[in-house]
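The values are calculated or read from the model by the stated rules, or taken from the named source; none is laboratory data. Only a predicted model underlies this, so the values are computations on that prediction, with no experimental measurement involved. Glycine gets a Cβ as well: all are built from the backbone with ideal geometry, and neighbour counts include every protein chain shown. These accessible areas exclude ligands, DNA and RNA; they are computed on the full protein's heavy atoms, side chains included. Shrake-Rupley method; radii C 1.70, N 1.55, O 1.52, S 1.80 Å.
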Amino acid sequence: MPLDRQPPPIADSIATHVGLTPMVRLSPHNQVQLLAKLELANPTGSHKDRVAHKIVKDLAKIDTLIIPTSGNLGIAVAAAAAKTHRVIVVVPEKTSIDRIQMLKALGAEIMRSPTEARPDAPESAFSVATKLKEQLPNSRVIEETKLEGIYYDELAEEIMQQTQMRLDHLFVGVESGLMITQLATALKAKIPELQVFGVDPTDSVLAAGSIEHGRTDWKIEDLGSNFVPKSLDRSKVDGWFKVSDKDAFSTARRLIRGDGIFCGPSSGAVVAAAIQHATTLSQHTTHEYRSVVILNDTAKNYGSTLLNDDWLLENNLADDVMTQELEFLSTDRYRAASVEDLQLPAAVTIPPTATVSYALDLMLEREFSQLPVIRTDNKKLVGYVSLTTLQERLDQGVIQPKTAVQDCMFTFKKATGTLKYQLITPDTSLADLAKFFEKNSFAMVTDVNRKWCLGVATKYDLLSFLHRRQFL
């Protein structure tokens, strides 16, 4: 089948695919056309790749790169320097475990600093990085707020070409101020009437421009600061929007579910600001406003936070609409129903002495994927056999048709004093069963003492129940 467009050519390095990121239309708001520049499509999932690859190229003769960072710049540098440099990152304590794991996978060495530390404090990320440089020969500290050079002119050029110079507003999340300053400078030189807006967390000091140190306990990563960095030229910024953690996380989740755009919380904050701005524009005009939003981070680095429903609810980061949606999906649609309401048929079981061939014949005849294994003397559940596993082991010659299932079944045994088997009874709520199915394909339903196997439940049974109740 012929392609309707040409794929990229084979590249010698992932650096070839930094930049030239796509731009897509989001749902319009108040008749304002929102265009999303997907910087999350860069190799490590953020706009920091544009900075990192230039830095690594410029510092080719340096042995060790030390980066005080909130996360994304460290990831980008570690990826760009994977084969050439030793990389040490100093990250605040609030950095998500997902990003820490990413840094470890890239081979970076990690040090932590207190989130609330002021830049000039001896325990701050900047101070720790400076001390490391003094101890390590041929090393260099990469501090984004002190970078000299043009890093975002290519991004500006891409925006101008993709919009054909027709844009009214640009929304940029601000941390170091480097990107918004350079984008505003480059774009306003060609589009003087363009308005550039900075997006800042509620407790950050960037919007106010205060030299006083602010709070640092906001949840949005890669956005905001507790001091105003020199790399931010506030004269280039036409206005500011303060965005709460709740609006940032909720908007990001809506973009994931509604638009299929796998963005992170700071991207959610930027879109939330653009939507807020759109509501202030007059509709008594024939001009169709166009706003470009820079989506600068990927949700892949927030598996334990943004993508975790329980974490969002526990931290009060879901707005009223999202809270209702999440509570409906996890609890409300089951209306206090339990496993008993599934009306499961009586369990079909086999003894441990049954042969593999008998188990396979029974499962194929009944169209079962699993069979509980029950002891003949006391009828207690001791394990189960799987159709797929038995067939694979037969094909490999590991077992024979006459092999007893007790020699190849999955058993429920104790591990460090805790049962691996999770108890599912007729009284187990369907909400809890749904959570069980997030990690398991089926459930053995027993009495509270696990003496009798009463049935086998699957996700299909749960979906059938919801269909009968018209909750799907």
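Looking at (1) buried (at least 18 other Cβ atoms within 10 Å of the Cβ); (2) assigned to a helix (DSSP H, G or I), find the lone condition where Glu327 falls short.
It is condition (1) that Glu327 fails.
Looking only at the stretch 6-18, which residues are under 29 Å from Ala78 (Cα atoms) and either free of Cβ contacts under 8 Å to residues at least 60 places away in the same chain or in contact with a Lys or Arg (Cβ under 6 Å, 6 or more places away or on another chain) (or both)?
Within the stretch 6-18, Pro7, Pro8, Pro9, Ile10, Ala11, Asp12, Ser13, Thr16, His17, Val18 meet the criteria.
Cβ-Cβ under 7 Å, sequence separation 6+ or interchain: first residue in the stretch 321-345 and closer than 20 Å to Ala248 by Cβ, partner charged (D, E, K, R) and part of a helix (DSSP H, G or I). Which pairs?
Once the first residue is closer than 20 Å to Ala248 by Cβ and sits in the stretch 321-345, its partners that are charged (D, E, K, R) and part of a helix (DSSP H, G or I) give Met322/Arg253; Leu326/Asp309.
Helices (runs of 4 or more DSSP H) wholly in the stretch 117-230 with at least 2 residues that are crowded, with 22+ Cβ neighbours inside 10 Å, outside the structural domain of Asn296 (by the TED database) and in contact with a strand residue (DSSP E or B) (Cβ under 9 Å, 6 or more places away or on another chain) - which ones?
Those helices (runs of 4 or more DSSP H) span 125-135.
For the stretch 430-460, which residues satisfy the criterion of being part of a strand (DSSP E or B) and among the aromatic types (Phe, Trp, Tyr)?
Phe442
From the set of residues in the stretch 204-220 that are at pLDDT 90 or above and either among the polar types (S, T, N, Q) or in contact with a Lys or Arg (Cβ under 7 Å, 6 or more places away or on another chain) (or both), which is nearest to Ala121 (Cα to Cα)?
The extreme case among them is Ser204.
Does the stretch 387-410 hold any residues that are open to solvent by 50 Å² or more (accessible area, probe 1.4 Å) and either at pLDDT below 85 or assigned to a loop (DSSP other than H, G, I, E, B) (or both), and which are they?
Result: Val398, Gln400, Pro401, Lys402.
Against the condition within 24 Å of Met102 (Cβ to Cβ) and over 17 Å from the mean Cα position of the chain (by Cα), how does Trp218 come out, does it pass?
yes
Just to be sure I understand, how many residues within the stretch 98-116 are of a type in the set (D, E, K, R) and either outside the structural domain of Ala60 (by the TED database) or open to solvent by 70 Å² or more (accessible area, probe 1.4 Å) (or both)?
Within the stretch 98-116, residues that are of a type in the set (D, E, K, R) and either outside the structural domain of Ala60 (by the TED database) or open to solvent by 70 Å² or more (accessible area, probe 1.4 Å) (or both) number 4.
Select from the stretch 330-363 the residues that are within 17 Å of Gln400 (Cα to Cα) and not in a helix (DSSP H, G or I) and write down the one among them that is most open to solvent (accessible area, probe 1.4 Å).
Thr353
Identify, by number, the condition in (1) more than 22 Å from Ser369 (Cα to Cα); (2) at pLDDT below 85 that Gln422 doesn't meet.
(1)
Looking only at residues that are small (Gly, Ala, Ser) and touching a Pro at 6+ places or on another chain (Cβ under 6 Å) in the stretch 123-171, which one is farthest from Gly198 (Cα to Cα)?
Taking the candidates together, the pick is Ala129.
For the stretch 224-252, how many residues are under 20 Å from the mean Cα position of the chain (by Cα) and either modelled with pLDDT of 95 or more or among the charged types (D, E, K, R) (or both)?
Result for the stretch 224-252: 10.
Could you go through the stretch 258-279 and let me know if any residue there is open to solvent by 10 Å² or more (accessible area, probe 1.4 Å) and in a strand (DSSP E or B).
No; the residues of the stretch 258-279 include none that is open to solvent by 10 Å² or more (accessible area, probe 1.4 Å) and in a strand (DSSP E or B).
If I filter the stretch 61-80 down to residues being under 25 Å from Pro119 (Cβ atoms) and over 23 Å from the mean Cα position of the chain (by Cα), which single residue comes out as surrounded by the most Cβ atoms within 10 Å (Cβ to Cβ)?
Step by step, filter the stretch 61-80, then rank; the result is Ile66.
Any chance the stretch 62-77 includes a residue that's touching a residue at least 40 places away in the same chain (Cβ under 8 Å), of a type outside the set (Phe, Trp, Tyr) and at positive phi?
Checked the stretch 62-77: at least one residue is touching a residue at least 40 places away in the same chain (Cβ under 8 Å), of a type outside the set (Phe, Trp, Tyr) and at positive phi.
Within the stretch 2-34, how many residues turn out to be surrounded by fewer than 19 Cβ atoms within 10 Å (Cβ to Cβ) and hydrophobic (A, V, I, L, M, F, W, C)?
Here the count works out to 8.
Within the stretch 20-57, which residues are part of a strand (DSSP E or B) and without any contact (Cβ under 8 Å) to a residue 24 or more places away in the chain?
Passing the criteria: only Arg25.
Which of the residues belonging to the stretch 282-314 are crowded, with 17+ Cβ neighbours inside 10 Å and either in a loop (DSSP other than H, G, I, E, B) or touching a Pro at 6+ places or on another chain (Cβ under 7 Å) (or both)?
Tyr289, Asn296, Tyr302, Thr305, Leu306, Leu307
Among the residues of the stretch 81-97 satisfying the criterion of being under 14 Å from Gly71 (Cα atoms) and open to solvent by 30 Å² or more (accessible area, probe 1.4 Å), which is nearest to the chain's Cα centre (by Cα)?
Ile97
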